[in-house]
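Asks: One structure is given below, represented as structure tokens, and several questions about it will come after.
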Amino acid sequence: MGTRFDEDNYKHWKDTFKFQSYDEEKAEYKTVKINMEDVMDRIDHYRKKYDEDDAFVRAVIDTHDKVVRIMFTKDLAHLTESVHLNGFAALLKVLRESKGEMEIWSVARPTDGNWFLVKGSFTKRELANMDLHKKEPRDKKETKKENPYQELKKKEEKSVERLKNNEKDGFDSLPIKVKEKLKEKLSKGWTTEEPLSFFKDFYTESEINSVFNDKIKIYKLKATEEFFNKLKEYSAHIPISRGFCKSIVKSKNDADITSDVEKYVNHFVKKCNEKYEGKFGLHSF
């Protein structure tokens, strides 16, 4: 919550809530003076499951045994009942809920040391005869909604990360301008997939601008005789990926391939066609 009515919580609580005890001899309610130091030592325990008003009131009840009633002006605070009421008690609750400007909540204090927060004005005897069933709230989870910029930034970031392993995976989620620029580069033989370590020296590296994140790295294969020798040497360790397939097909068409390595190149081209049904090429987007 942080603030209420442009005032800090301390002032809000002081101005809003009135805590009362009951004088049996005089048969009247009296205001209880609150020790805020004790309350603040206890409030964090309740903040795990309740909002600020609830946590504060519960901390007061927990540290001030004489409190049996809480009063506040309607709509200035929000409290949560800690019990389910059944039978006649539930009917009384409906009848006793405040009809005027003030909300009144009662504190049931059974002899076992527990206490319960009940909406409505009830006497100690009435509360003692009620069949109270405690509600167990779930732990409060902090949910901070990100601003639109952060949401778009994360979306683009995830897409760029996915492109490193598959140049088509994540492509559709990119911002339109980035997608258009990347499509142009991909059609010219570039790929977003990071080259395997033993092929890195044969790739030219470049970048295109993203909208919200760092520049997107792209790579283009320079097929040389040494590259084809490496292809032959590491053929058993090369995974089939869309960007690699596109590079191999292009290198087969653009470079001179010796008969010694041609069977390895053809092997990979066949594997690529089987995996991607021939849709890994320059016009697959």
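Asks: Can you name every one of the helices (runs of 4 or more DSSP H) wholly within the stretch 196-276 that holds 2 or more residues which are buried (at least 20 other Cβ atoms within 10 Å of the Cβ), over 40 Å from the mean Cα position of the chain (by Cα) and of a type in the set (A, V, I, L, M)? Spell out how you get there, then give the answer.
Replies: Values: elements: 225-233, 242-254, 259-276.
Ranges flagged: 242-254.
Asks: Please determine, by comparing only the residues of the stretch 165-195 that are at pLDDT 90 or above and part of a loop (DSSP other than H, G, I, E, B), which one is surrounded by the most Cβ atoms within 10 Å (Cβ to Cβ).
Replies: The residue in question is Thr192.
Asks: Next question. Quick one: Tyr203 ticks every box in (1) touching a strand residue (DSSP E or B) at 6+ places or on another chain (Cβ under 6 Å); (2) under 30 Å from Leu152 (Cα atoms) except a single one, so which number is it?
Replies: Tyr203 satisfies all of (1) touching a strand residue (DSSP E or B) at 6+ places or on another chain (Cβ under 6 Å); (2) under 30 Å from Leu152 (Cα atoms) except (2).
One line per residue, one yes/no per condition, for (1) in the same structural domain as Lys168 (by TED's automatic domain parsing); (2) in contact with a strand residue (DSSP E or B) (Cβ under 9 Å, 6 or more places away or on another chain); (3) within 13 Å of Asn166 (Cα to Cα); (4) modelled with pLDDT under 85:
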{"position": "Glu233", "(1), (2), (3), (4)": "yes, no, no, no"}
{"position": "Pro239", "(1), (2), (3), (4)": "yes, no, yes, no"}
{"position": "Lys252", "(1), (2), (3), (4)": "yes, no, no, yes"}
{"position": "Asp256", "(1), (2), (3), (4)": "yes, no, no, yes"}
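Asks: Please tell me if Phe268 is under 30 Å from Glu157 (Cβ atoms) and not hydroxyl-bearing (Ser, Thr, Tyr).
Replies: Values: under 30 Å from Glu157 (Cβ atoms): no; not hydroxyl-bearing (Ser, Thr, Tyr): yes.
No, not satisfied.
Asks: Which residue pairs have Cβ atoms under 7 Å apart, sit 6 or more places apart or on different chains, and have a first residue in the stretch 109-122 that is closer than 17 Å to Ile70 by Cα and assigned by TED's automatic domain parsing to the domain that holds Ile70 and a second that is of a type in the set (Phe, Trp, Tyr) and modelled with pLDDT of 85 or more?
Replies: Arg109/Trp115; Leu117/Trp105; Val118/Trp105; Lys119/Trp105
Asks: Right, here's the next one. Output the residue which, of all residues in the stretch 13-24 that are modelled with pLDDT of 90 or more and either part of a strand (DSSP E or B) or exposed (fewer than 12 other Cβ atoms within 10 Å of the Cβ) (or both), is farthest from the chain's Cα centre (by Cα).
Replies: Of the residues in the stretch 13-24, the ones modelled with pLDDT of 90 or more are 13, 16-23.
Then keep just the ones that are either part of a strand (DSSP E or B) or exposed (fewer than 12 other Cβ atoms within 10 Å of the Cβ) (or both); that gives 18-23.
Working: Lys18: 37, Phe19: 38, Gln20: 41, Ser21: 43, Tyr22: 46, Asp23: 50 Å.
Per the criteria, the residue is Asp23.
Asks: Find the residue count for the stretch 25-57, including only residues that are among the small types (Gly, Ala, Ser) and in a helix (DSSP H, G or I). Steps first, please.
Replies: So in the stretch 25-57, the residues among the small types (Gly, Ala, Ser) come out as 27, 55.
Those left that are additionally in a helix (DSSP H, G or I): 55.
Qualifying residue count for the region: 1.
The values are calculated or read from the model by the stated rules, or taken from the named source; none is laboratory data. Predicted model only: the values in this text are computed from it and were never measured. Don't worry about glycine lacking a Cβ; one is built from the backbone with ideal geometry, like all the others, and counts go over all protein chains shown.
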